[in-house]
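See below for the structure under consideration.
Nothing in this text is a laboratory measurement; each read-out follows from the coordinates by a stated rule. Note that this is a predicted model, so its numbers are computed, not measured. We place every Cβ from the backbone using ideal geometry, glycine too, and count neighbours over all the protein chains shown.
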Amino acid sequence: NPDFSIVEQRLMPLDAAREAVGVFRANRIDCWVFAGNAWLILNPAGSHVVHETRTVQTPPTIVPAFTDEHLAAAGKIVGPNDDYDLIARLAAQLQEALGGRANVARSQPYYCDVVAPGIDKGRLVTLLAQRLQVPAQEIMVLGDMENDLEMFRVAGFAVAMGNAADAVKRAAQAVTLSNDEDGFATAIERHVFGD
């Protein structure tokens, strides 16, 4: 909602949240827990904390440990790390280990996201379309990572960013400039306003 109140949320099972945090910690990754409107971290000097703070324009809440209360309220757990191969391996390992108890995806080459089962960007587009009473076929989406493919399948028009993975570009109806080249604005101007 405009006031940032939560419209709907799906939480991970507590055992899946515990296991995800355990895997990240075992691999020396300072993970984050998103619970309600709170972004919880253990290490303010951890990987990508400064970058994410600028991106979301909200400071994290530093906690001494992730408690069961935190994990029971977790909508998302993120493992950030600049070792892209490690993040890819952990994403596959976590998806296999967690099975149907969670959905695992890489939202950036350096982020491994763990969310509730059945939750992905395609589901979000479907829910928003229903809530706003807009046919999904009239929705345009933009993406650059493989976790965007589900919303590409649901929306009427999919645009890949210029920096997108090849699989994402192949799945899109159009490709725009990269994030750094204002590709989002370019896509809106071209495909929404017809400029």
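Numerical summary
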quantity: Zone of Asn1's modelled label, taken as backbone nitrogen in segment 123-147 under 17 Å from a point 7 Å along Cα→Cβ; calculated: 128, 131-132
quantity: Cα convex hull of segment 135-195 - mean projected area over all directions, nm²; calculated: 3.7 nm²
quantity: Square roots of five times the Cα gyration tensor eigenvalues for segment 56-153, Å; calculated: 26, 18, 15
quantity: Helix-derived mean residue ellipticity, 222 nm - over the chain, DSSP H n ≥ 4, -39500 (n - 2.57), to 500; calculated: -11000 deg cm²/dmol
quantity: Cβ charges +1 (Lys, Arg) and -1 (Asp, Glu), total dipole of segment 121-191, debye; calculated: 380 debye
quantity: Charge dipole (debye, nearest 20) of segment 6-54; +1 at Cβ of Lys and Arg, -1 at Cβ of Asp and Glu; calculated: 120 debye
quantity: Computed magnitude of the charge dipole of the chain (debye, nearest 20; Cβ of K, R +1, Cβ of D, E -1); calculated: 400 debye
quantity: Rounded tilt (10° steps) of 14-26 against the dominant C-alpha axis of the chain; calculated: 80 degrees
quantity: Inter-part distance where segment 164-195 and segment 64-89 are each reduced to a Cα centre, Å; calculated: 30 Å
quantity: Mean separation of Cα contacts under 8 Å (6+ apart) over length of the chain, as relative contact order %; calculated: 15 percent
